[in-house]
Amino acid sequence: MENRNAILSLLTAYLNKQVSREEFDRLFSALTELEDEDFQATILQALDNQADVTKSDFIPERVAQLYPELLAKVSATPQVAITPTGRSARRSVIGWKLSVAAATIFLFLAAGIYFWQDTDRHNRTSLISAEQIVPGSDRATLTLADGRTVDLSAAQKGIAVGNGIRYLDGTEVIALTADEGKQTANTRLLTLTTPKGGQYQLSLPDGTKVWLNAASSLVYPEAFGDDIREVKLEGEAYFEVTKERNRSFVVNTEKQRVAVLGTSFNVSAYSNDEVTKTTLVTGSVRVNILAGGVTQGESRILAPNQQSVIGNQENSLAVNSIDPRTAIAWKDGLFNFHGLGIDEAMKQIERWYDIRVRYEGPKPTGYLGGKMSRGVRLSTFLDFLERDFGIRSELKADRTLVLYATNTARNADL
């Protein structure tokens, strides 16, 4: 963070209680990297005008030690000390002129703003309310073959690819060139990407329907070839594949290859999950393990109500019977926590509410149960965790959710 204005803005926001302690720490890290010695000296002088202060005092490891001293200086700074004069000015300049930037900093220091002083109340001024975290919505980005990106409308549910790209209601997103020939279109790849807190639908050129979950991406061609319909998935998606006798439909992920003719199934292949899961709803699919893009071992054919599980580390493949409604509940606007461990459930919460989860102490154990609408605010889920599991939580200003487990051996239903 080399820019002066960025550092000044961060300091100002910090003093106005608008940023977290983590961002405050980043300010000190940025100070150590400044190449402008005069500007750095101005900042240091504003924060602590003792002569023995050096850059090393402001590295992140010293923040905890320095912080109480800074608060004391803020509280003790007289309000007339915005622009030093006379002998006071000569002492504070120390070989360089006090810049406008420094005057701005002294203005906020002189105000004696209170921030993060009440440690007995879990530093609440650095927290935000879970009521402020709203659920995810229809958001996605489309990357075209030439690298251009299109931010898709949040007022729409999805897009359809065929003769151009349109929203599902028929509104045009972008027109694709129609005179380059089908073979070229087979090689021009599009990518639909959802962020954390986003979801979107897609109708492929063959009529196959795809629901893309949060923090996921699907790579597919503008038009399928004559022999195969092939896409690549990262994250999670539900597919309703249009049946074609002579063209199989293939979904590739990092760890598996799923081939079908016409069926409906769900694939969950998040890189930060321990396993890749394929859940069959109707029809049949063939699942192969992929390693380095090459299929390995025996393939397994799934029947409806079965789920394949591939270990992302050991490359093992197992098939289990399952109620598929558990795996596809997200498509219908629900969390289904039946049989999920707390850690696995929290990964779903992370993706949908666009937060980061951190555990203070050991990760809680036990299994959840029941269902919850994906349309509720985060606070509803956190109330459940505390009420039925004794797991307290704090939500930091940078959207990090800290969980404190006081009881780690309970099961509960929503």
Practice task
Can you pull the one-decimal nm distance between simple spin-label points at V357 and N315, each 7 Å off the Cα toward Cβ?
Solution key: 3.0
Fill in the blank from the handout: The farthest towards the positive end of the charge dipole of segment 280-410, of the residues I328, A318, V376, given +1 on Cβ of Lys and Arg and -1 on Cβ of Asp and Glu, is V376
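No value in this document is a laboratory result; all are computed from the given coordinates. Values in this document were obtained by computation on a predicted structure and should not be read as measured data. FYI the Cβ positions are ideal-geometry reconstructions off the backbone, even for glycines, and counts take in every protein chain you see.
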